[in-house]
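Since the structure comes first, as structure tokens, the remarks are kept for the end.
Where a number appears in this text, it was derived from the coordinates with a stated rule and is not lab data. What you see is a predicted model; the values in this text were computed from it and never measured. A quick note on method: Cβ atoms are made from the backbone with ideal geometry, for glycine too, and the neighbour counts reach across all protein chains shown.
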Amino acid sequence: MSTLTIRLPDDKHERLKALAEARNISVNKLIDELATVALANHDARLRFELRARTGNARKALAILDALGDA
């Protein structure tokens with residue numbers, strides 16, 4: 001496991017602490033969960049774009065837009 005130091009504005013740090021507290025988890029766990037979601041979204045977008053290149057791009061992007069509204 002790695003250690004990562006990040007710099008955030010104080011107000012953002014306070015908001016993250018409040019969010020973590022509301023969810024009964026540590027800020028570390030909150031950041032880990034948020035990073036997992038960001039990476040999953042990125043991976044899904046890459047897979048979708050790869051598939052869209054082999055099919056109808058307009059139709060694929062319309063489906064993606066519809067999912068964004070869900």
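What 222 nm value per residue comes from the helices of the chain, counting each DSSP H run with n ≥ 4 as -39,500 (n - 2.57) and dividing by all residues, nearest 500 deg cm²/dmol?
-25500 deg cm²/dmol
Using a/c under 1.5 as the rounded threshold, could you call region 1-40 rounded, prolate or oblate? The axes a ≥ b ≥ c are square roots of the C-alpha gyration tensor eigenvalues, and prolate needs a/b larger than b/c, oblate otherwise.
oblate
Counting only residues 5 or more places away or on other chains, whose amide H sits under 5 Å from the amide H of Ile25 once H atoms are built in the peptide plane?
Result for Ile25 returns nothing.
Roughly what angle does helix 57-69 make with the longest principal axis of the chain, taking Cα atoms, 0 to 90 degrees, to the nearest 10?
40
So what's the net charge close to Ala35: Lys and Arg +1, Asp and Glu -1, counting the other residues with Cβ under 14 Å from its Cβ?
Net charge in that neighbourhood comes out at -2.
Please list, in order along region 24-33, the HN-Hα scalar couplings obtained from phi with the Karplus expression 6.51 cos²θ - 1.76 cosθ + 1.60 (θ = phi - 60°), rounded to whole Hz, x for Gly and Pro.
Values, residue by residue: 6, 9, 7, 4, 4, 5, 4, 4, 4, 5 Hz.
Looking at [x] -0.73, -1.08; [y] -0.64, -1.26; [z] -0.83, -1.14, which value of log10 I(q)/I(0) by the Debye sum over Cα atoms at q = 0.19, 0.26 Å⁻¹ comes from a calculation on the structure shown?
Identified label for the calculated read-out: [z].
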